[in-house]
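Working notes, beginning with the structure itself.
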Amino acid sequence: MSNCLFCKIIAGDIPSSKVYEDDLIFVFKDISPKAEVHLLVIPKVHLESLDSLKDEHQSLIAYIMLKLPELARSQGLEDGFRTIINTGPGGGQEVGHLHIHILGGEGLPGFN
Ligand code: AMP
Ligand code: ZN
């Protein structure tokens with residue numbers, strides 16, 4: 001998707017603080033962190049949001065979910081972390097490339 005901010009980050013056309021990368025996912029620090037640790041986990045394939053997913057994405061989504069605890073631990077979040085997925089304008093999604101927020105550590109805001 002030529003005009004997608006996160007596709008440009010994956011391609012290296014826009015700089016990011018990369019934490020992890022493999023064939024399927026790219027992980028980087030949120031530019032405006034809401035807690036001490038704030039990562040964004042994105043699939044390399046351009047998918048707009050959870051609303052865009054089809055049956056063929058089952059294994060990719062499972063792969064991402066299984067990777068989250070490992071990524072959180074790699075940032076020192078030994079006792080837990082929060083995940084957030086905003087979907088569509090009604091869910092507060094600002095960047096139209098599916099992303100999972102991982103948050104934790106000092107300054108984690110209350111949820112309620
Ligand atoms: P969302 O509101 O769920 O779409 O989240 C988008 C997130 O992307 C926000 O937390 C932003 O701070 C973050 N963000 C926007 N631009 C960049 C960037 N260039 N590098 C890293 N994070 C970004
Ligand atoms: Zn994209």
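3J(HN,Hα) couplings calculated from phi for segment 20-36 with the Karplus curve 6.51 cos²θ - 1.76 cosθ + 1.60 (θ = phi - 60°) are, in sequence order, 6, 8, 9, 5, 10, 9, 10, 10, 8, 7, 5, 5, 10, x, 9, 7, 3 Hz; Gly and Pro show x. The mean accessible area for residues of the chain, using a 1.4 Å probe and ignoring ligands and nucleic acids, is 60 Å² per residue.
Between GLU48 and LEU98, the built amide H atoms are under 5 Å apart, and every one of these is 5 or more places off in sequence or on another chain.
Taking all Cα pairs closer than 8 Å and separated by 6 or more residues, the relative contact order of the chain comes to 32 percent. Solvent-accessible area assigned to carbon and sulfur over the chain amounts to 51 percent, based on a 1.4 Å probe. Converting phi to 3J(HN,Hα) with the Karplus coefficients 6.51, -1.76 and 1.60 and the offset θ = phi - 60°, segment 47-52 yields 10, 5, 6, 4, 5, 8 Hz in sequence order, with x at every glycine or proline. Packing-based ranking of 83-93, 33-43 yields 33-43, 83-93, ordered from highest to lowest mean Cβ neighbour count within 10 Å.
What is the helix-to-structure angle for 58-74, meaning the angle in degrees between its Cα long axis and the longest Cα principal axis of the chain, kept from 0 to 90 and rounded to the nearest 10? Long axis of 58-74 versus the principal axis of the chain: about 30 degrees.
Rg and Dmax, both from the Cα atoms of the chain and both in Å, are 13.6, 39. The simple spin-label model puts a point 7 Å past each Cα toward its Cβ; for ALA11 and GLU94 those points are separated by 2.3 nm. Tell me, how many Å apart are the Cα centres for segment 83-112 and for segment 1-50? Each part's Cα centre sits 13 Å from the other's. Taking GluC sites (Glu not before Pro) across segment 54-109, the ones in a DSSP loop with at most 12 further Cβ atoms lying within 10 angstrom of their Cβ are GLU78, GLU94, GLU106. Once you keep just the Cα pairs under 8 angstrom separated by 6 or more residues, what percentage relative contact order results for segment 1-44? Relative contact order here is 30 percent. Note down the net charge around PRO109, summing +1 for each Lys or Arg and -1 for each Asp or Glu among other residues with Cβ under 10 Å from its Cβ. Within the 10 Å Cβ shell, the charges total +2.
The values are calculated or read from the model by the stated rules, or taken from the named source; none is laboratory data. Keep in mind it's a predicted model, so treat the numbers as computed, not measured. A quick note on method: Cβ atoms are made from the backbone with ideal geometry, for glycine too, and the neighbour counts reach across all protein chains shown. In case anyone asks, the SASA skips ligands and DNA or RNA and just uses the protein heavy atoms, side chains included. Shrake-Rupley method; radii C 1.70, N 1.55, O 1.52, S 1.80 Å.
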